[in-house]
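S.K.: Please read through the structure below; I'll follow up with questions.
Computed from the coordinates by the stated procedures, all read-outs in this text should not be read as laboratory data. A quick note: this is a predicted structure, and the numbers were derived from the prediction, not measured. In this analysis, Cβ positions are derived from the backbone assuming ideal geometry, glycine residues included, and neighbour counts consider all displayed protein chains.
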Amino acid sequence: MPYASETSLIPIPPPGEDELPHDDGEPMESDRHRKQMLLLIETLDLFWKERDDVYVSGNMAIYFSELQTMKNDFRGPDVFVVLDTVRRDRKSWVVWQENGRTPDVVIELLSESTEAVDRGEKMRIYAKVLRVPEYFMYDPMKSALEGHGLDIGSRSYKPMAASAEGELVSQQLGLRLGVREGLYLGSKGRWLRWLDAEGRVLPTAEEQARAAEEQARAAEERAQTLADKLAAYEKRFGPLS
């Protein structure tokens, strides 16, 4: 399948997101894959809730050429991030509507049925056509993570070196990716998580609420302890003036 000039073959007049199919037509491999996708998107959206210049999505169609649009033979990334854009709701990502912007980071969730494509044709398109700077792959069933950085000169990917803990750095986002035990949407297990520069996990909304409850409970306990000490003091020595 020739892709040498995909990005220059823009339809005239170009269709927009309202005229093109909205999703990539491919369901998630399993419930685990679906939850992993949602976890990565939710936590990044929450982390950047005050920013309006980033876009995070997944399992969405990406359109970049007339050939690909007519064939509709390219399945969108499971998770992708675009910087220096406008944060708004979209039906699909249409490159010619987005001033030529393509994803800065892509994450594919591997499965037996998709791994060959994710390592083959998709990887080639991300490198040579969309020129995605960072490409990560994660197998939710095996908890296996790997990353690749784009070599601009050759338009090919070079493997990233992981830390001793198996974490990978996203230079594009200033964040890390690592596997952590946890509970998400009722499922326990090892999840791929975003980490900040200090290695702290970016929390979900549920985790944020739980942390706030724990802080409030600790504050109540401290206040009660202080009240008990004060009562004991006044009982022994009389009321404080």
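S.K.: What is the log10 of I(q)/I(0) for the chain, computed with the Debye formula using one identical point scatterer on each Cα and no solvent, at q = 0.15 Å⁻¹?
M.R.: With one equal scatterer per Cα and no solvent, log10 I(q)/I(0) is -1.06.
S.K.: May I ask you to list the lysines whose Cα is less than 28 Å away from that of K188, ignoring any residue fewer than eight positions away on the same chain?
M.R.: Result set, ordered by chain and number: K35, K49, K142.
S.K.: Roughly how many whole Å is it from the C-alpha centroid of segment 153-223 to that of segment 119-152?
M.R.: Value for the Cα centre distance between the two parts: 20 Å.
S.K.: Looking at the chain, send over the antiparallel percent of its DSSP beta bridges, to the nearest 5.
M.R.: Rounded to the nearest five, the antiparallel share is 80 percent.
S.K.: To the nearest 20 debye, what charge dipole does the chain have about its Cα centre, counting +1 at the Cβ of each Lys and Arg and -1 at the Cβ of each Asp and Glu?
M.R.: 600
S.K.: Kindly write out, for segment 110-120 in residue order, the coupling ³J(HN,Hα) from the Karplus curve 6.51 cos²θ - 1.76 cosθ + 1.60 (θ = phi - 60°), rounded to whole Hz, with x marking Gly and Pro.
M.R.: 3J(HN,Hα) across segment 110-120, in whole Hz: 6, 8, 4, 7, 10, 4, 4, 6, 4, 8, x.
S.K.: Same structure, new question: Projected onto the charge dipole of the chain (+1 at Lys/Arg Cβ, -1 at Asp/Glu Cβ, origin at the Cα centre), which of N59, L110, S170 gives the Cα projection farthest towards the positive end?
M.R.: Checked the options; the winner is S170.
S.K.: Can you tell me the order of 30-40, 132-142, 147-157 when each peptide is scored by its average per-residue count of other Cβ atoms within 10 angstrom, highest first?
M.R.: 132-142, 30-40, 147-157
S.K.: Positive end of the charge dipole of the chain (Lys, Arg +1 and Asp, Glu -1 on Cβ, about the Cα centre): tell me which of G76, P133, L46 has its Cα farthest that way.
M.R.: Highest projection toward the positive end goes to L46.
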